[in-house]
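The values are calculated or read from the model by the stated rules, or taken from the named source; none is laboratory data. Since the model is a prediction, treat every value here as computed from it, not as a measurement. Here Cβ is always computed from backbone atoms with ideal geometry, including for glycine, and neighbour counts include all displayed protein chains. Keep in mind that these areas ignore ligands, DNA and RNA; they rest on the heavy atoms of the full protein, side chains included. Shrake-Rupley method; radii C 1.70, N 1.55, O 1.52, S 1.80 Å.
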Amino acid sequence: MYQKCHMLTEQIAENLKNGSYGTAGSLFLTVRALSSAYQISMESACKIMAALQEKHLIRLCGKHYYITNGYVPPDSPYGIQLARTRQPLLALIVNRLESPFFSALAKRMSLTAERYGYTLLIVCGNNQPQREAELIDSMITLGVCGIFTNPSIAPEARDIYANCPLPVIFIGRESGLPNCDTVLVDNISAGKQAAIHLLQIGCSDFAYVGIPQYLKEDPRLRGYAEQLHQCGFRLPDSHILAAADLPDSRVDIDSISGQLKNCLRNLPIGKKLGIFCYHDLLAAAVLQRVKHISHRSQRPYLVPEDVAIVGFDDLPISTAITPALTTVTYRYDAIVKQSFSIMEDYLTNPDHLPQSYEIKSALVIRESTVLP
């Protein structure tokens, strides 16, 4: 019986995803109708309903189940039910509030929400898809109108947002979902800017320091490598380093210390190594570690004479360290303004079509790449 329930659940789930039972927001079968349609007991039908709710494909509201395999239009049966509980609330789900990027973003978004007449609820998903699913359920119960998110990178997070009945806007991460808008910094262009600058200042060897879970589909790395290749230079696999983030936003620089030493000690005499980092915290940690690695002539490596380092985000740490960090910058205000503009259209325009939007970046050149 368990096997039959499991197979039926998967079959019905697939049918819900492809629209066989109707579009998002439509009424779904009752428990009794499900029992009759598939000739199963009421107990089995209840178990299947519970499993479909856990997959976020249906939701129980009042006495009825509704289909929630994506954004729910306001004129649908479930959309009308949601409208009755809706409050002037928006939510921002972030990965880690202790991150300087997220704290700065949250502050600006909270102020902007107030100007638009909303209260912004800021919650932390801790990079855990199940936690994000629970938060979305709570937001729906509270009557939130829409959600801004920088979600977990885990594959399960994709399904959670794909089946979210509220408007969803991804910030800083591509969604690839037909029901979610995306606001991104032009990461590929930023990587190319970093490569061009390092080439212009005379670097002939290159490295990239990123985050393990992002490396497979890292647009910053992609832009950086493509530009180097276009200019006749290689970025060897051995020069692509992955440093893990620690829970308190520090960087586990020890995890790449050996690889970093090899990159430097294999550097031909008289040549300069250019390093582009996924974000400023990584770049700052790399800069400090480089200064403590000895050259084959027993002197320490010098920044920027031997090694030039470029970060990303233009965080406060970029000007607090010595030498000050060359970094990719962009306007937080532009990200926030674009995000709220999209959300307003999502909430007022029934014909809203989710798209991906890019915010332009620029390179701020400081002493980690060019001597003052």
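Among strands (runs of 3 or more DSSP E) lying entirely in the stretch 235-332, which contain 1 or more residues that are farther than 23 Å from residue 204 by Cβ, among the small types (Gly, Ala, Ser) and at pLDDT 90 or above? Walk me through how you get there before you give the answer.
Working: elements: 240-242, 273-277, 307-312, 326-330.
Counting at least 1 such residues, we get 240-242.
For the stretch 333-365, which residues satisfy the criterion of being out of contact with any helix residue (DSSP H, G or I) (no Cβ under 8 Å at 6 or more places or on another chain), in contact (Cβ under 8 Å) with a residue 60 or more places away in the chain and part of a helix (DSSP H, G or I)?
Passing the criteria: 338, 342, 343, 344, 346, 347.
Okay, residues lined up against (1) at negative phi; (2) among the acidic types (Asp, Glu); (3) touching a strand residue (DSSP E or B) at 6+ places or on another chain (Cβ under 6 Å):
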{"site": "10", "(1), (2), (3)": "yes, yes, no"}
{"site": "13", "(1), (2), (3)": "yes, no, no"}
{"site": "58", "(1), (2), (3)": "yes, no, yes"}
{"site": "96", "(1), (2), (3)": "yes, no, no"}
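Please verify whether the stretch 23-34 includes one or more residues that are more than 25 Å from residue 141 (Cβ to Cβ), modelled with pLDDT of 90 or more and either more than 32 Å from the chain's Cα centre (by Cα) or β-branched (Val, Ile, Thr) (or both).
Within the stretch 23-34, the subset more than 25 Å from residue 141 (Cβ to Cβ) is 32-33.
Now drop any that are not modelled with pLDDT of 90 or more, which leaves 32-33.
From what is left, the residues that are either more than 32 Å from the chain's Cα centre (by Cα) or β-branched (Val, Ile, Thr) (or both) are 32-33.
Yes: the stretch 23-34 contains one or more residues that are more than 25 Å from residue 141 (Cβ to Cβ), modelled with pLDDT of 90 or more and either more than 32 Å from the chain's Cα centre (by Cα) or β-branched (Val, Ile, Thr) (or both).
Only one residue in 315, 302 is of a type outside the set (S, T, N, Q) and open to solvent by 20 Å² or more (accessible area, probe 1.4 Å). Which one? Quick ask: steps written out before the conclusion?
Details: 315 fails: open to solvent by 20 Å² or more (accessible area, probe 1.4 Å).
Just a single option satisfies the conditions, and that option is 302.
Pick from 133, 154: which is in contact with a His (Cβ under 8 Å, 6 or more places away or on another chain), of a type in the set (A, V, I, L, M) and more than 15 Å from residue 82 (Cβ to Cβ)? Let's see the steps before the verdict.
Values: 154 fails: in contact with a His (Cβ under 8 Å, 6 or more places away or on another chain).
Answer to the check: 133.
Could you give every pair whose Cβ atoms fall below 6 Å, whose first residue belongs to the stretch 254-280 and is closer than 24 Å to residue 314 by Cα, and whose second residue is in a strand (DSSP E or B) and open to solvent by 10 Å² or more (accessible area, probe 1.4 Å), counting only separations of at least 6 or pairs across chains?
273/205
Which ones in the stretch 237-275 are in contact with a Cys (Cβ under 9 Å, 6 or more places away or on another chain) and either of a type outside the set (Ser, Thr, Tyr) or farther than 30 Å from residue 95 by Cβ (or both)? Walk me through it before giving the result.
Just the residues of the stretch 237-275 that are in contact with a Cys (Cβ under 9 Å, 6 or more places away or on another chain), to begin with: 238-239, 241, 243, 271-275.
Selection gives 239, 241, 243, 271, 272, 273, 274, 275.
Going by the structure shown, is residue 163 under 19 Å from the mean Cα position of the chain (by Cα) and closer than 21 Å to residue 245 by Cα?
On the way: under 19 Å from the mean Cα position of the chain (by Cα): yes; closer than 21 Å to residue 245 by Cα: no.
Here the answer is no, as residue 163 does not meet what is asked.
Quick check on my filter: what residues within the stretch 358-372 are of a type outside the set (Lys, Arg), open to solvent by 100 Å² or more (accessible area, probe 1.4 Å) and closer than 30 Å to residue 181 by Cα? Full working, then the answer.
Looking only at the stretch 358-372, we keep the residues that are of a type outside the set (Lys, Arg), and these are 358-359, 361-365, 367-372.
Retained after the next criterion (residues that are open to solvent by 100 Å² or more (accessible area, probe 1.4 Å)): 358, 371-372.
The one that is of a type outside the set (Lys, Arg), open to solvent by 100 Å² or more (accessible area, probe 1.4 Å) and closer than 30 Å to residue 181 by Cα: 358.
Return the residue satisfying two criteria in turn: it lies in the stretch 1-12 and is outside any loop (DSSP other than H, G, I, E, B) and open to solvent by 40 Å² or more (accessible area, probe 1.4 Å), and of such residues it is modelled with the lowest pLDDT.
Narrowing the stretch 1-12 to residues outside any loop (DSSP other than H, G, I, E, B): 2-12.
From what's left, open to solvent by 40 Å² or more (accessible area, probe 1.4 Å): 2-4, 6-7, 10-11.
Working: 2: 65, 3: 81, 4: 80, 6: 88, 7: 91, 10: 94, 11: 94.
Among those that are outside any loop (DSSP other than H, G, I, E, B) and open to solvent by 40 Å² or more (accessible area, probe 1.4 Å), it is 2.
Sort through 323, 372, 268 and tell me the only one that's touching a Leu at 6+ places or on another chain (Cβ under 8 Å) and not basic (Lys, Arg). Talk me through it step by step, then tell me what you get.
On the way: 372 fails: touching a Leu at 6+ places or on another chain (Cβ under 8 Å); 268 fails: touching a Leu at 6+ places or on another chain (Cβ under 8 Å).
Being touching a Leu at 6+ places or on another chain (Cβ under 8 Å) and not basic (Lys, Arg) holds for just one of 323, 372, 268, which is 323.
Any residue at all in the stretch 124-134 that is closer than 19 Å to residue 343 by Cα and without any contact (Cβ under 8 Å) to a residue 60 or more places away in the chain? Walk me through how you get there before you give the answer.
Start the filter on the stretch 124-134 by keeping residues that are closer than 19 Å to residue 343 by Cα, which leaves none.
No, every residue in the stretch 124-134 fails to be closer than 19 Å to residue 343 by Cα and without any contact (Cβ under 8 Å) to a residue 60 or more places away in the chain.
Taking the stated definitions as given, is residue 222 at pLDDT 90 or above, closer than 28 Å to residue 358 by Cα and either open to solvent by 20 Å² or more (accessible area, probe 1.4 Å) or touching a Lys or Arg at 6+ places or on another chain (Cβ under 6 Å) (or both)? Can you show your working first?
Details: at pLDDT 90 or above: yes; closer than 28 Å to residue 358 by Cα: yes; either open to solvent by 20 Å² or more (accessible area, probe 1.4 Å) or touching a Lys or Arg at 6+ places or on another chain (Cβ under 6 Å) (or both): yes.
Criteria met by residue 222.
Which ranges mark the helices (runs of 4 or more DSSP H) fully within the stretch 126-210 that have 2 or more residues being open to solvent by 40 Å² or more (accessible area, probe 1.4 Å) and farther than 25 Å from residue 282 by Cβ? Break it down stepwise before answering.
Numbers: elements: 129-142, 155-162, 187-200.
Helices (runs of 4 or more DSSP H) meeting the threshold: 129-142, 155-162.
Output the residues belonging to the stretch 216-246 that are under 16 Å from residue 260 (Cβ atoms) and in contact with a Leu (Cβ under 8 Å, 6 or more places away or on another chain).
First pass over the stretch 216-246, keeping only residues under 16 Å from residue 260 (Cβ atoms): 235-244.
Result: 235, 240, 241, 242, 243.
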